[in-house]
């Protein structure tokens with residue numbers, strides 16, 4: 001009987017790694033998701049994605065993925081996946097590429113669809129989306145890779161400025177510049193990375209991060225975390241190497257907290273997102289300004305989202321089960 005029940009369990013590919021600088025962060029996130037998959041209900045497998053090597057790691061062994069149908073073999077036994085839990089940060093998991101592949105071979109997956117992932121991973125497009133919803137954003141200028149740059153275009157902006165690659169995460173490719181000379185230098189360093197460069201004015205205020213997801217028919221906010229960084233901004237060191245202080249719940253008045261939640265839910269709902277998301281704002285004069293959206297946020301022990309879930313008295317295992325079942329049933 002036990003053997004029969006085991007066969008009925010769905011095979012889950014926990015997709016991690018990817019092609020970007022966020023590879024190691026994604027591995028940590030993936031391992032935490034693996035720990036929170038209910039093995040009474042599912043058979044989880046770690047699937048590591050690299051450009052030239054898609055592989056399953058299971059009980060100390062590695063097996064190559066057949067990209068034609070996303071299956072693998074243990075001996076003569078062919079194993080196929082019923083659903084993919086996508087936890088790749090950066091390309092190809094967060095920008096819509098891997099979603100197109102799974103759409104083509106008809107395997108369901110968690111998280112945003114291809115088009116929505118593409119929008120959320122494009123900082124400039126996501127800012128425009130938020131603006132169209134009536135949400136405040138910092139003044140910004142976007143320069144495409146093939147666009148000739150006249151630095152006089154930035155004369156209407158006030159230093160310091162943030163210079164960002166338009167499609168990267170975990171604060172990779174983000175610098176803060178204090179004058180025109182630094183702007184030019186950093187521009188030259190970043191040009192050609194991604195699909196362009198976004199230049200934004202600096203906002204001075206309270207930075208917060210909102211973790212949310214669609215759960216049991218409603219968009220649920222798990223918490224608002226205030227971020228106080230030891231560095232000049234919330235960069236990679238601050239996010240992952242302990243150079244920040246994170247306060248959950250954020251010490252902001254209820255009226256502002258409600259407005260931040262409203263803005264986060266508005267973005268999530270109108271983008272028709274699915275699964276985990278983390279949306280960052282900075283509060284200036286009691287007004288939340290949209291910073292960026294992570295449609296596949298970090299899920300390691302150091303990450304904000306799992307901490308918010310724990311403090312909201314929710315179980316990450318329950319949320320993971322819900323996401324898997326939601327993907328299977330849609």
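Structure summary
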{"quantity": "Qualifying residue in the stretch 34-41 (condition: farther than 15 Å from residue 296 by Cβ and within 19 Å of the chain's Cα centre (by Cα))", "calculated": "yes"}
{"quantity": "Answer from 199, 208 - the residue that is at pLDDT 95 or above and buried (at least 19 other Cβ atoms within 10 Å of the Cβ)", "calculated": "208"}
{"quantity": "Options 100, 78; residue that is surrounded by fewer than 21 Cβ atoms within 10 Å (Cβ to Cβ), in contact with a helix residue (DSSP H, G or I) (Cβ under 9 Å, 6 or more places away or on another chain), more than 17 Å from residue 328 (Cβ to Cβ) and not assigned by TED's automatic domain parsing to the domain that holds residue 157", "calculated": "100"}
{"quantity": "Residue match in the stretch 289-300 (condition: farther than 16 Å from residue 126 by Cα and in a helix (DSSP H, G or I))", "calculated": "no"}
{"quantity": "Criterion violated by residue 3 - all others in (1) modelled with pLDDT under 95; (2) in a helix (DSSP H, G or I); (3) crowded, with 19+ Cβ neighbours inside 10 Å satisfied", "calculated": "(3)"}
{"quantity": "1 or more residues farther than 20 Å from residue 25 by Cβ and free of Cβ contacts under 8 Å to residues at least 12 places away in the same chain: qualifying strands (runs of 3 or more DSSP E) within the stretch 63-177", "calculated": "71-74, 77-80"}
{"quantity": "Number of the condition not met by residue 236 [criteria: (1) over 24 Å from residue 111 (Cα atoms); (2) surrounded by fewer than 20 Cβ atoms within 10 Å (Cβ to Cβ); (3) at pLDDT below 95]", "calculated": "(1)"}
{"quantity": "Matching residues in the stretch 44-58 - criterion: being surrounded by fewer than 17 Cβ atoms within 10 Å (Cβ to Cβ) and either in contact (Cβ under 8 Å) with a residue 24 or more places away in the chain or in a loop (DSSP other than H, G, I, E, B) (or both)", "calculated": "50, 51, 52"}
{"quantity": "Extreme residue, surrounded by the fewest Cβ atoms within 10 Å (Cβ to Cβ), among residues of the stretch 20-43 that are part of a loop (DSSP other than H, G, I, E, B) and modelled with pLDDT of 95 or more", "calculated": "40"}
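The values are calculated or read from the model by the stated rules, or taken from the named source; none is laboratory data. Note that the coordinates shown come from a computational prediction; the quantities given were computed from them, not determined experimentally. With ideal geometry, Cβ positions are generated from the backbone for all residues, glycine too; neighbour counts draw on all protein chains shown.
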